[in-house]
Amino acid sequence: MLMNAGIFIYHFCTKNITYPIAPAETSSFFLFKYQFWTIIASIFTINIYVVSTSYIILRTFEKTQATEVLFIFVFLASLLLDTSRLYIPLYGLDGSYSYSLIHLGNITLTSRLMAPISLFALSTFCGDRFRQQTEQNCLIVIVISIFFALFLPLNTAIIKPNLCVSYGFTRVINVFTTIFCTISVITLYISNKQNDFSQINTLGFIMIHIGYNILFDCYNLFGYIIGTLILSVGTWVYLTKLHQHYLWID
């Protein structure tokens, strides 16, 4: 996070930032208007979110045996990978055909795949019967995400408004994300119901899904504010209820 901040400040002070072209169809109202700085703010917000959430988890769950923690760290890693799109405007890679842009595209695509898969695994492969396979399942999530990200086609000639390299099969990936999110929410709901656990935990889980997706794709002030609030509140609700659950078990 500090490295990203230092690099950004240097490029900002030296006026060495390539600003992307704003999409023509955006609103003229300030809340919904395309603003480059809201994209930068969302990237640094994700950085801060990853660091602060990691610290809270390490401090709060250090004495518990919560298998969910490892999947949460994989999810946080996926968010951290997404912040690599910051380097596209900093190094003027927009419209280029460099290997750097291809690698950045693969990294952000890995992030887009790993986030829903890790949350799916979080709701599906947690509990005592999966405790011995937790590390293995985390590794499978990472490998699957990287594998598909490397083989999906990229179009480096097009940079999306959110500074993400355009990639093929966008609709398929969106459908895949929606299906995985829906299944993970339903699975967690059923699990909580069977274990007499509060469904507020499920609500927090849903908010995490919605919040990170908004921050991934936002390029206006409204999306940035809403995404940040939903992700922050959802994470607080989910982790609070999860911690209470393991305190009750212990």
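The values are calculated or read from the model by the stated rules, or taken from the named source; none is laboratory data. In this text, all values refer to a predicted model and were calculated from it rather than measured experimentally. Cβ coordinates were reconstructed from backbone atoms using ideal geometry, including for glycine residues, and neighbour counts include every protein chain displayed. For accessibility, only protein heavy atoms count, side chains too; no ligands or nucleic acids. Shrake-Rupley method; radii C 1.70, N 1.55, O 1.52, S 1.80 Å.
Okay, here's what the table says:
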read-out: The stretch 17-47, residues that are at pLDDT below 85 and either part of a helix (DSSP H, G or I) or buried (at least 17 other Cβ atoms within 10 Å of the Cβ) (or both); value: PRO20
read-out: Subset of the stretch 124-135 [modelled with pLDDT under 85, under 22 Å from ILE190 (Cβ atoms) and part of a helix (DSSP H, G or I)]; value: ASP128, ARG129, PHE130, ARG131, GLN133, THR134
read-out: The stretch 80-111, subset part of a helix (DSSP H, G or I) and more than 24 Å from ASN174 (Cα to Cα), residue most open to solvent (accessible area, probe 1.4 Å); value: TYR99
read-out: Selected residue [open to solvent by less than 10 Å² (accessible area, probe 1.4 Å), in contact (Cβ under 8 Å) with a residue 60 or more places away in the chain and of a type in the set (A, V, I, L, M, F, W, C)] from PHE61, PHE71; value: PHE71
read-out: Residue list for the stretch 193-204, filter: touching a Lys or Arg at 6+ places or on another chain (Cβ under 9 Å) and either exposed (fewer than 15 other Cβ atoms within 10 Å of the Cβ) or touching a residue at least 40 places away in the same chain (Cβ under 8 Å) (or both); value: PHE197, SER198, GLN199, ILE200, ASN201
read-out: Residue satisfying all of: in the stretch 205-242; of a type in the set (Phe, Trp, Tyr) and either under 16 Å from THR38 (Cβ atoms) or in contact (Cβ under 8 Å) with a residue 60 or more places away in the chain (or both); surrounded by the fewest Cβ atoms within 10 Å (Cβ to Cβ) among these; value: PHE222
read-out: Residue list for the stretch 136-190, restricted to those being over 18 Å from LEU81 (Cα atoms), part of a helix (DSSP H, G or I), open to solvent by 40 Å² or more (accessible area, probe 1.4 Å) and not β-branched (Val, Ile, Thr); value: GLN136, ARG171, ASN174, PHE176, PHE180, TYR189
read-out: Residue match in the stretch 110-117 (condition: basic (Lys, Arg) and either farther than 16 Å from ASN213 by Cβ or free of Cβ contacts under 8 Å to residues at least 40 places away in the same chain (or both)); value: no
